[in-house]
Amino acid sequence: MSDSDSLIQIKGLRDGLLVSLGNAPWEELRTALMEQIEARGSFFRGARVAIDVGSRIFHVNELSDLRDSLSEQGVNLWAVVSESPTTEKTAQLLGLATRISKPRPQEMTRPPAEEVGEGAAMWVGRTLRSGTRIESPGNIVVMGDVNPGAEVIANGNVLVWGRVRGLVHAGAAGDASACVCGLDLSAAQIRIGGAAATPSKRSGEARPEKYFLADGIIQSETWQANQS
């Protein structure tokens, strides 16, 4: 684990990401945060971020500078959570929220890239309801259904041991070798890399299928148990 990982903790919220600061001087924490964002730019870019600063006191110029620095990296600072009345007032003066909903496990998950090795997978052992968004820089395995309005987005492969009626996106960072496998993908929205497809609805019993890219076009075949 890098020094920046020990100073900064990141959790998923329904509305974005929650960054919690460790016990260190602010300049050190600020540097660690920016290092993480620069190292994992594709995961942070476009994200809405809330920062829990604990009891630290921040003035307008400090929070304004932080907001501008994050904005330059494509990150939107939308909330500051603090035990300090001074910091709360500062955040409110800048138009930032000071109250957020508590983290909801697996509603939105972005594990650090360093923790995901080749072949590693995020395991989601439940059905994903509408509004749920699961993200991973590796592979994702869902043991359940992906309901309409739910999204599963992986830089690697996606395997769904259930019925998919929402969106599944494999190879989200551009990996053309990624694939989507599922027990029933007949009502899914499928994306692989930059290509998209909607499987044709069919009557009769559902069958396991594997979707993959060939010459830039999403194609499918029967998913066999011995396939990699």
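The values are calculated or read from the model by the stated rules, or taken from the named source; none is laboratory data. The structure displayed is predicted, hence computed values, not measured ones. Every residue, glycine among them, receives a Cβ derived from its backbone with ideal geometry; neighbour counts consider all protein chains shown.
Which is surrounded by fewer than 21 Cβ atoms within 10 Å (Cβ to Cβ), modelled with pLDDT of 85 or more and closer than 27 Å to residue 8 by Cβ, of 173, 120, 154, 113? Steps first, answer last, please.
Details: 120 fails: modelled with pLDDT of 85 or more; 154 fails: surrounded by fewer than 21 Cβ atoms within 10 Å (Cβ to Cβ); 113 fails: modelled with pLDDT of 85 or more.
Exactly one of 173, 120, 154, 113 is surrounded by fewer than 21 Cβ atoms within 10 Å (Cβ to Cβ), modelled with pLDDT of 85 or more and closer than 27 Å to residue 8 by Cβ, namely 173.
Please identify the pairs in which a residue from region 131-145 that is closer than 27 Å to residue 174 by Cβ has its Cβ atom under 6 Å from the Cβ atom of a residue that is outside any strand (DSSP E or B) and modelled with pLDDT of 85 or more, counting only partners at least 6 apart or on another chain.
What qualifies is 131/149; 132/150; 137/155; 138/156; 139/156; 139/157.
Working carefully through the options 33, 18, 77, find the one that is at pLDDT 85 or above, buried (at least 20 other Cβ atoms within 10 Å of the Cβ), under 20 Å from the mean Cα position of the chain (by Cα) and closer than 24 Å to residue 155 by Cβ.
Details: 18 fails: at pLDDT 85 or above; 77 fails: closer than 24 Å to residue 155 by Cβ.
33 is the lone residue from the list that is at pLDDT 85 or above, buried (at least 20 other Cβ atoms within 10 Å of the Cβ), under 20 Å from the mean Cα position of the chain (by Cα) and closer than 24 Å to residue 155 by Cβ.
Kindly provide the set of residues from region 28-56 that are of a type in the set (S, T, N, Q) and part of a loop (DSSP other than H, G, I, E, B), ordered by number. I'd like the intermediate steps shown before the answer.
Narrowing region 28-56 to residues of a type in the set (S, T, N, Q): 31, 36, 42, 55.
Matches in region 28-56: 55 only.
Can you name every residue in region 1-15 that is closer than 18 Å to residue 54 by Cα, outside any strand (DSSP E or B) and either modelled with pLDDT of 80 or more or of a type in the set (A, V, I, L, M) (or both)?
7
Does residue 101 satisfy the criteria of being in a loop (DSSP other than H, G, I, E, B) and either among the aromatic types (Phe, Trp, Tyr) or modelled with pLDDT of 80 or more (or both)? Can you show your working first?
Numbers: in a loop (DSSP other than H, G, I, E, B): yes; either among the aromatic types (Phe, Trp, Tyr) or modelled with pLDDT of 80 or more (or both): no.
Spelling it out, it is not the case that residue 101 is in a loop (DSSP other than H, G, I, E, B) and either among the aromatic types (Phe, Trp, Tyr) or modelled with pLDDT of 80 or more (or both).
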